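Everything below concerns the one structure shown next.
Values in this text are rule-based calculations from the coordinates and carry no lab data. Source: prediction; values computed, not measured. Every residue, glycine among them, receives a Cβ derived from its backbone with ideal geometry; neighbour counts consider all protein chains shown.
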Amino acid sequence: MIKQKLVKDLVPKSWLDLSEINSIMTEVVIKNKSMLKTLDSYKDEFFARVDYTNPKYKMESKDYDVNIGPKYWSSDEHLKWKLSMQSTHTGFPEEHMACPMSNIVRQRPDLKNLETRIRDGFAREIGAHSAALLNYYPPTGSVGWHNNWNAAAYQILFTWSRTGDGYFKYYDTATKEVVTIPDVPGWQCRHYYFAGKDEPEEKHCWHAAYTDCDRLTLAYKFIGEAALALRGNLIEELESDE
Ligand SMILES: [Fe+2]
């Protein structure tokens, strides 16, 4: 079972004002050794078998201009622009540079079974409905501000970073401030709800990420009953004395 704590239990106070935590974004501490072993086995197999430095796997959105500076897409300035234009936002990350597993497998069919184990096998293991995203990010990899409002769901997101030189950001709609969660070397996990476009604006979860080192992201969706059960587990863990 997944153990979790609020982000306030995990981060130094120096870079995050605890009063600004958005309750919809929760950091999860994975203490389960067999789950960490499974995640490590996917990561180790990925880096052993994939020629991941090969630029042929890279996908860049059409508006993505690396000359602007790849960090721009996760900047406050870009968020401001996105918010001002939000009526036209699709929900998808409209600016990104990443190597999706699907694109790798398209060119390397021999990796299909690895992808299936990560996509379907791990989703089953954690009780998720399906995988939402499986990406490798090379250095300067980035996902620009977006809110996934086209696909309302609870999601759990596992990220692995080689050196921790990167970050995940989200916009706290209550305080109207950006919260930055630095990557750390190894696995991190967080859980949150993406509200649909028709839901109140304060529930929309704008987020972005950037990395200067190898990074993997595995995101899984929980819908309906499974989402409620997951929430129940998390609340249970929150109320425990651990
Ligand atoms: Fe996203």
| remark: In the set Lys62, Lys33, the lone residue that is surrounded by fewer than 16 Cβ atoms within 10 Å (Cβ to Cβ) and over 30 Å from Glu199 (Cβ atoms) is Lys33
| field | Leading residue by the ranking (nearest to Gln155 (Cα to Cα)) among those in the range 165-197 that are of a type in the set (Lys, Arg) and not in a strand (DSSP E or B) | value | Lys197
| task | Scan the range 122-137 and report the pairs whose first residue is within 23 Å of Val50 (Cβ to Cβ) and whose second residue is within 16 Å of the ligand (Cβ to nearest atom) and part of a helix (DSSP H, G or I), with Cβ atoms within less than 8 Å and a gap of 6+ or a chain change. | result | Leu134/Met101; Leu134/Ser102; Asn135/Met101; Tyr136/Met101
| said: Taking the criterion of being more than 16 Å from the ligand (Cβ to nearest atom), in a strand (DSSP E or B) and of a type in the set (Ser, Thr, Tyr), would at least one residue in the range 144-163 satisfy it? | reply: yes
| task | Mind listing whichever residues of the range 167-187 are buried (at least 22 other Cβ atoms within 10 Å of the Cβ) and away from the ligand (no atom under 15 Å from the Cβ)? | result | Asp183
| message | Tally up the residues in the range 68-119 that are among the small types (Gly, Ala, Ser) and surrounded by 14 or more Cβ atoms within 10 Å (Cβ to Cβ), please. | response | 4
